[in-house]
Amino acid sequence: MAKQKITPSIDPAACYVLDVAELMGISTSFSRAANHKPCTVGSGQAGVCCKNCYMGPCRITKEGQVGICGATLETIAARNLARAIAAGAAAHSDHGRDLAFTLHAVATGEAQGYAIRDEAKLYAVAAKHGIPTKGKTVMETALDVANKAISEFGQQRGELSYISTAPPKRQKLWRDQRVAPRGIDREVVEILHRTHIGDDQDASHILLSAVRTALSDGWGGSMWATDISDILFGTPSPKVGGVNLGCLEEKQVNIIVHGHEPTLSEMIVAAVQDPDLIEYAKSKGAEGINLAGICCTANEVMMRQGIPSAGNFLTQELAILTGAVEAMVVDVQCIMQSLVGVAEHFHTEIITTSPKVKITGATHIEFDEHHAMDIAKNIVRRAIDNYANRGEMHIPTGDGMSEQMVPGFSHEYLAYMQGGNYRASFRPLNDAIASGRIRGVAANVGCNNPGFTHDQVHMDVVAELLKNDVLVVSTGCGAIAAGKYGYMKGSTALDPEKVGPGLREVCEAIGIPPVLHLGSCVDNSRILTVLSQMATEGGLGDDISDIPAVGLAPEWMSEKALAIATYCVGSGAYVIMGVRNPVDFSDAVSHIMSNEWEERFGGKLEFVIEAEEIVRHTLEHIDKKRAALKLPAYDPARFGESGDAALAAYLELPVEEQMAELYG
Ligand code: SF4
Ligand code: MSK
């Protein structure tokens, strides 16, 4: 059957540059996806394939068939899924490990250019882990925190320290189900062991272990990554940043940082502000240096420094196609190998920096936190030297080609904005949900997938949920998508055509956008913290599974997304992923992820492709949870006018009187 042609993107900037690619005959992930013929076995529609030993590979195409070793369809499907979850957990957690080593190097005075930017967070994290701080210097405390983090990766027995920060009921459930993770590396290794030929052969048992591995990421590696990033680079608070390809500057040296780890990118942020380097750029004919991010590095530097984001996952090749990027500096995860091929048509230099990631044809300048600033300045200087090599440019400009967004809603800031310094809490949010002003909460996260129209499902889902008074929080590439279409501006919250009446009142009262940016992929751990705090605040039950909330990843593509979904389910959330069910050939395994996990954890994982259906499932679940809590049924007619008369009268006032009313 011929593949149905899909519109590549709803993003006008992306479409503009894709036209350039077509004219120049340059292939991109969009064109490759359009011509791609997926392996039918891998797609799950025509069976499953096991490659776990060399008697095989074995392909199972119908119920009742077994592999040479006798492995059944369910076992193979569960093993494949567990391995993908372990790979995702490993990627996130290894990122956390590297940050722990950076913190260690800072504490021992070996890291050039870094500092402890948030001492309050350092002490809060130390307290969370029971690390004594009395009589210790900041650096001594930082060293203890770093050592604690490092020890949790190789820990063999007991349980991870962050487990004790979950609601007590959840902790007990994890211990009863024997899924409280013991050590971060141990759980990943155990999955590889269990799924080796001749080991664990019970699908339900294999997947229980996958939940424990995922929890070691969410409540371990990722949570450490988030907390240490905040300690080193500052806990995010709202900033204003530009988003989309229109943020590239025609007359400046453009440098893009892409990947996930903030360690080098934060140094590049500092280096591009160096007066000597700015002068150097001017000496080469540029007006200055413009830094922008892609993917989660973009989220990291935008939410802390207000650095613009050039776009999300599917924008990475397009940034080079503008012809305006002097250097694309990449670290780890979500970096397409095709970047080098696209860059060959332009002057852009692709620079790999992680000791773990080299790409054939790219320049490798290895990052080392002991000489971070020297390396960052060297990279910036190379980019400036490359400015003279620019050819024709295709930066999308004009309406819709860039937008403003407000990122940086850390859980600390969320609590602060609801009660100030003295009464910081989640009480107002819980009250707004309990009263029905806010119907529930949805976390819309995750990647783009070129098998679907870029950003379309993200935005269809978000738009509909907001109209239904569902507050949306977002991370990763989903967050960048929401930013591009204006959903992360305070003014959008005031638009009655976009935001339901009750949610609008809450956004107006607190002064927030209707979609809150919580950070990068590892910062899904912030969502766990928010849910824990909501559960312990009271009024919405006493566990995460009680809260009217849903996790969504409508355009996912990475193994990390599966790990995130699984730790959210293990934490009690209902998670809906789009795209396709990777185990749809096995009804038994799909049943385990939905029905069995719901019985065990109060959360479940389902795969729903169409935006309309995702919204329907989300609202049904939220309403079901509201009913279980005996909250009033959602009624859109009840709210929305409490402030309107006063607001209308206020808007009638002359500007001076408006100012006087606001500021006295
Ligand atoms: Fe085939 Fe079993 Fe080997 Fe898998 S582990 S490849 S099913 S023989
Ligand atoms: S970058 S994992 S494409 S969200 Fe975190 Fe985006 Fe998905 Fe990568």
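The values are calculated or read from the model by the stated rules, or taken from the named source; none is laboratory data. Predicted model only: the values in this text are computed from it and were never measured. A quick note on method: Cβ atoms are made from the backbone with ideal geometry, for glycine too, and the neighbour counts reach across all protein chains shown.
In the same structural domain as residue 562 (by TED's automatic domain parsing), more than 30 Å from residue 637 (Cβ to Cβ) and among the β-branched types (Val, Ile, Thr), is that true of residue 453?
yes
Please pick out the residue among 400, 361 that is on the phi > 0 side of the Ramachandran plot, free of Cβ contacts under 8 Å to residues at least 24 places away in the same chain and out of contact with any strand residue (DSSP E or B) (no Cβ under 6 Å at 6 or more places or on another chain).
On the way: 400 fails: free of Cβ contacts under 8 Å to residues at least 24 places away in the same chain.
Of the residues listed, the single one that is on the phi > 0 side of the Ramachandran plot, free of Cβ contacts under 8 Å to residues at least 24 places away in the same chain and out of contact with any strand residue (DSSP E or B) (no Cβ under 6 Å at 6 or more places or on another chain) is 361.
Determine, yes or no, whether residue 525 is away from ligand 1 (no atom under 16 Å from the Cβ), within 12 Å of the chain's Cα centre (by Cα) and in a helix (DSSP H, G or I). Spell out how you get there, then give the answer.
Numbers: away from ligand 1 (no atom under 16 Å from the Cβ): yes; within 12 Å of the chain's Cα centre (by Cα): yes; in a helix (DSSP H, G or I): yes.
For residue 525, the condition - away from ligand 1 (no atom under 16 Å from the Cβ), within 12 Å of the chain's Cα centre (by Cα) and in a helix (DSSP H, G or I) - is met.
Name, by its number, the condition in (1) in contact with a strand residue (DSSP E or B) (Cβ under 9 Å, 6 or more places away or on another chain); (2) aliphatic (A, V, I, L, M); (3) over 16 Å from residue 476 (Cβ atoms) that does not hold for residue 463.
(1)
Within the group 54, 16, which residue is at pLDDT 95 or above, of a type in the set (Ser, Thr, Tyr) and part of a helix (DSSP H, G or I)? Steps first, please.
Values: 54 fails: part of a helix (DSSP H, G or I).
Residue meeting the stated conditions: 16.
Would it be correct to say that residue 589 is touching a residue at least 24 places away in the same chain (Cβ under 8 Å) and within 16 Å of ligand 1 (Cβ to nearest atom)?
Numbers: touching a residue at least 24 places away in the same chain (Cβ under 8 Å): yes; within 16 Å of ligand 1 (Cβ to nearest atom): yes.
Judged against the criteria, residue 589 is a match.
For (1) outside the structural domain of residue 527 (by TED's automatic domain parsing); (2) over 22 Å from residue 300 (Cβ atoms); (3) more than 16 Å from ligand 2 (Cβ to nearest atom); (4) not in a helix (DSSP H, G or I), each residue gets a yes or a no:
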{"position": "431", "(1), (2), (3), (4)": "no, yes, yes, no"}
{"position": "460", "(1), (2), (3), (4)": "no, yes, yes, no"}
{"position": "466", "(1), (2), (3), (4)": "no, yes, yes, no"}
{"position": "473", "(1), (2), (3), (4)": "no, no, no, yes"}
{"position": "482", "(1), (2), (3), (4)": "no, no, no, no"}
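For the stretch 262-299: of the residues being touching an Asp or Glu at 6+ places or on another chain (Cβ under 8 Å) and closer than 26 Å to residue 11 by Cβ, which is farthest from ligand 1 (Cβ to nearest atom)?
Here the residue is 290.
I want to confirm something. Restricting to the stretch 484-517 and keeping residues that are free of Cβ contacts under 8 Å to residues at least 40 places away in the same chain and assigned to a helix (DSSP H, G or I), which single residue is surrounded by the fewest Cβ atoms within 10 Å (Cβ to Cβ)?
Of everything passing the filter in the stretch 484-517, 491 is surrounded by the fewest Cβ atoms within 10 Å (Cβ to Cβ).
What residue, of 541, 572, is under 20 Å from the mean Cα position of the chain (by Cα), farther than 21 Å from residue 77 by Cα and not in a helix (DSSP H, G or I)? So that I can check it myself, show each step before the final result.
Working: 541 fails: under 20 Å from the mean Cα position of the chain (by Cα).
Unique residue meeting the criteria: 572.
Is it the case that some residue within the stretch 61-69 is in contact (Cβ under 8 Å) with a residue 60 or more places away in the chain and more than 16 Å from ligand 2 (Cβ to nearest atom)? Write out each step before concluding.
Of the stretch 61-69, the ones in contact (Cβ under 8 Å) with a residue 60 or more places away in the chain are 69.
So of that shortlist, the ones also more than 16 Å from ligand 2 (Cβ to nearest atom) come out as 69.
So far as the stretch 61-69 goes, yes, one or more of its residues are in contact (Cβ under 8 Å) with a residue 60 or more places away in the chain and more than 16 Å from ligand 2 (Cβ to nearest atom).
Under the condition of being in contact with a Cys (Cβ under 9 Å, 6 or more places away or on another chain) and not hydroxyl-bearing (Ser, Thr, Tyr), which residue from the stretch 299-324 is nearest to residue 231 (Cα to Cα)? First the steps, then the outcome.
Initially, the stretch 299-324 is screened for residues in contact with a Cys (Cβ under 9 Å, 6 or more places away or on another chain), giving 299, 308-316.
Keeping just the survivors that are not hydroxyl-bearing (Ser, Thr, Tyr) gives 299, 308, 310-314, 316.
Numbers: 299: 17, 308: 22, 310: 26, 311: 26, 312: 26, 313: 27, 314: 30, 316: 29 Å.
The selected residue is 299.
Identify all residues within the stretch 539-560 that are within 14 Å of residue 522 (Cα to Cα) and surrounded by fewer than 24 Cβ atoms within 10 Å (Cβ to Cβ); write none if there are none.
Correct list: 558, 559.
Among the residues of the stretch 549-566, what is the count of those that are within 14 Å of ligand 2 (Cβ to nearest atom) and outside any strand (DSSP E or B)?
Applying the first criterion (within 14 Å of ligand 2 (Cβ to nearest atom)) to the stretch 549-566 yields 551-565.
From what is left, the residues that are outside any strand (DSSP E or B) are 554-565.
Number of matching residues: 12.
Residue 77: away from ligand 2 (no atom under 16 Å from the Cβ), without any contact (Cβ under 8 Å) to a residue 24 or more places away in the chain and closer than 26 Å to residue 570 by Cα, yes or no? Outline the logic, then answer.
On the way: away from ligand 2 (no atom under 16 Å from the Cβ): yes; without any contact (Cβ under 8 Å) to a residue 24 or more places away in the chain: no; closer than 26 Å to residue 570 by Cα: yes.
Considered against the rule, which asks whether it is away from ligand 2 (no atom under 16 Å from the Cβ), without any contact (Cβ under 8 Å) to a residue 24 or more places away in the chain and closer than 26 Å to residue 570 by Cα, residue 77 comes out as no.
If you go through the stretch 100-113 one residue at a time, do you hit one that is among the aliphatic types (A, V, I, L, M), in contact (Cβ under 8 Å) with a residue 60 or more places away in the chain and within 16 Å of ligand 1 (Cβ to nearest atom)? Quick ask: steps written out before the conclusion?
Narrowing the stretch 100-113 to residues among the aliphatic types (A, V, I, L, M): 100, 103, 105-107, 111.
The next check asks that each one be in contact (Cβ under 8 Å) with a residue 60 or more places away in the chain; those that pass are 100, 103, 105-106, 111.
Narrowing the set further to residues that are within 16 Å of ligand 1 (Cβ to nearest atom) leaves none.
No, every residue in the stretch 100-113 fails to be among the aliphatic types (A, V, I, L, M), in contact (Cβ under 8 Å) with a residue 60 or more places away in the chain and within 16 Å of ligand 1 (Cβ to nearest atom).
Cβ-Cβ below 6 Å, separation at least six or inter-chain, first residue in the stretch 189-203 and of a type in the set (Ser, Thr, Tyr), second part of a helix (DSSP H, G or I): which pairs?
What qualifies is 195/79; 195/82; 195/83.
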